[in-house]
Amino acid sequence: MRTLRRIVLGICALAVAFVTVIASVVTWTWSSADVSTVGTTEFTRPLHIPPLADSSIDADGTRVFSLDMRAGTTEFEAGRATETWGFNGSYLGPTLRANRGEKVRVRVRNALPEASTVHWHGMHLPAEMDGGPHQMVEPGDIWSPEWTVAQPASTLWYHPHPHGETEDHVRRGLAGMFLVDDGPAPALPSTYGVDDLPVIVQDVRLRDNRLDGAHEIFRNSGFLGDRTMVNGTLNPYHEVGDELVRLRLLNASTARVYTFAFDDIRPFALVGTDGGLLERPATLDRVRLSPGERAEIVVRMRPGERTVLRSGRLDVGMDFWGNRFSGGDDSFDVLELRAAETLRTSEGVPEYLAAQTLPNPEDSVAERRFELAGMAINGNAMAMDRIDTVVTRGATETWVVVNVDGQPHNFHVHDVRFRITAYNGGLPPPELSGAKDTVFLPPNTTARLVLRFDGPADPDTPYMYHCHLLWHEDQGMMGQFVVVEPGQAAATLPGHEH
């Protein structure tokens, strides 16, 4: 009996010890899960402005750019070389710029040790030029897509899209902006790099001589870094010489959602979203961007002052656990603006910006439902040989996108700009009222999107729709659609039978 008691007491002691260890690990993991650089950042580095890409004009009037994907090293901190990838350099890439109606060609050369792609995020163009996972560029090869720019003025970007490897390739540094101009332009700040600034925001973690890409425990959203960079610059500041400054905000992180605001909660004018300028500016004091989303804002500066662009905590109604491990409790000092003692006078933001050409919901001829859950869409993980959706050229459709998962997602559609007619049962907020190609979906959120598929038709080559939290995309939360002529059937991709 005494022996049995000792055994029982020993088992109980082991159980208590085990529970104590587990509780300690969970407590430590919880307490160390949040990150904040607010109030502790010393802004010591001038903001790098990506150069405007060189281009030439062919005899037929085509504007030609060249992009080389390269491996190299970058000193984010003095004396510390980090292995990185970039376009035409060691990290990030130049800003491409073209006019509406202009024919462009981009000579993409892959000098990397592995295959990749270049996707023109937000661009309306033929599927075979889109740069998705079906347009892989092998090491040493050259790919030269060409198309006619056929959309309003907007802030777009380019990045890799290899199936299963997108998070890794973007995190290493392969990204850049593509600006579309469409004159005559409204009287907004427009001198690139002076009062019109690209603001490419990424979160990173430096470890030894590399950019760490590890997914920490419970981080189901993907990689989350412990500090931010803008245009590849740590702790950046920018000296401002104008009363009004336009910031073209791009969330180029792979998983993190930012809530941008200034440290003094000053108001700013939201003038553009993913797909272009709003009809009229909206006055806000914060704007939330999930991976892939863009926002153009105009902020007023006073002589001699400083203000800090910050990202605050995420407030989307998630439970405390999900919010914590999705980076929702994190906060960052992102960029300091330093105004000169004397500023160039700037006119106010115009009351009218641009005519809207968004799809009309009354023209919708079909409604489709897309459920996001379990690293799949409508229960199907991505398959390169399966066409999930067939749409007719010229048709307008309504897509109802629902996050039925317990974690955040977003939804990006290639080629088209869509209108959001309802968000979580109500009218969309101002930041979702313009042309969009990516929308954030917290758990249990529904968005109604109206899309018009203007073509060109190509039954053989699909576009993508997917979650732009890139690890989710890599794990299979992506589908494929083709645009066909009325009455035309989609082609059978290799290995798939309809």
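Could you tell me the calculated FRET efficiency between Val365 and Arg280, based on Cβ-Cβ distance and R0 = 30 angstrom, to the nearest 0.05?
In this case the efficiency is close to 0.50.
Accessible area per residue, 1.4 Å probe, Å², for the chain: what's the number?
Computed with neighbouring chains in place, this is 40 Å² per residue.
Give me the mean projected area, in nm² to one decimal, of the convex hull enclosing the Cα positions of region 149-303.
Over all viewing directions, region 149-303 projects a mean Cα-hull area of 10.9 nm².
If you average over every viewing direction, what projected area does the convex hull of the Cα atoms of region 226-356 give, in nm²?
8.6
Would you mind computing Rg(Cα) / (2.2 N^0.38 Å) for region 405-498, counting N as its residues?
Against the compact-globule rule of thumb, the ratio is 1.22.
Which FRET efficiency, nearest 0.05, do Asp141 and Met384 yield, Cβ-Cβ r, R0 25 Å?
0.85
Filter the GluC sites (Glu not before Pro) in region 185-276 down to the DSSP loop ones having no more than 14 other Cβ atoms within 10 Å, then list what survives.
Glu216
Leu52's amide H: which non-local residues (gap 5+, or another chain) put their own amide H closer than 5 Å, with H modeled 1.01 Å from N in plane and none for Pro or chain starts?
Here Thr95 satisfy the definition.
Could you check the simple spin-label distance between Ala340 and His215, using points 7 Å along Cα→Cβ, in nm with one decimal?
In this crude spin-label approximation the distance works out to 4.9 nm.
Filter the trypsin sites (Lys or Arg not before Pro) in region 83-136 to those in DSSP coil with at most 16 other Cβ atoms within 10 Å of their Cβ, and list the result.
Answer in residue order: Arg100.
Taking 0.36 nm per residue of separation and subtracting the Cα-Cα distance, what length does fully extending Val38 through Asp58 add?
2.3 nm
GluC sites (Glu not before Pro) within region 325-416: which are DSSP loop residues with at most 10 other Cβ atoms inside 10 Å?
Glu347, Glu351
Using the Cα centre as the reference, give the magnitude of the dipole from point charges on the C-beta atoms of the chain (Lys, Arg: +1; Asp, Glu: -1; all else neutral), rounded to the nearest 20 debye.
Roughly 1380 debye, rounded to the nearest 20.
What does the convex hull of the alpha-carbon atoms of region 31-135 project to on average, in nm²?
Averaged projected hull area, Cα only: 10.9 nm².
Using only the Cα atoms of region 345-438, what semi-axes does the equivalent ellipsoid have when each is the square root of 5 times a gyration tensor eigenvalue? Give whole Å, largest first.
29, 18, 13
Can you check what the Kirkwood hydrodynamic radius comes to for region 447-492, Cα pairs only, in Å to one decimal?
Over region 447-492, the inverse of the mean reciprocal pair distance is 12.2 Å.
In region 290-396, how does Rg compare with the Kirkwood Rh, expressed as the Rg/Rh ratio over alpha carbon atoms?
Ratio of gyration radius to Kirkwood radius: 1.11.
Would you mind telling me the share, in percent, of accessible area of the chain contributed by carbon and sulfur at probe 1.4 angstrom?
50
Using only the Cα atoms of the chain, what semi-axes does the equivalent ellipsoid have when each is the square root of 5 times a gyration tensor eigenvalue? Give whole Å, largest first.
Each semi-axis is √(5λ); the values are 36, 30, 24 Å.
The values are calculated or read from the model by the stated rules, or taken from the named source; none is laboratory data. Since this is a predicted model, take the numbers as computed values, not measurements. Positions of Cβ are backbone-derived with ideal geometry, glycine not excepted, and every protein chain shown enters the neighbour counts. Heavy atoms of the whole protein, side chains included, go into the accessibility calculation; ligands, DNA and RNA do not. Shrake-Rupley method; radii C 1.70, N 1.55, O 1.52, S 1.80 Å.
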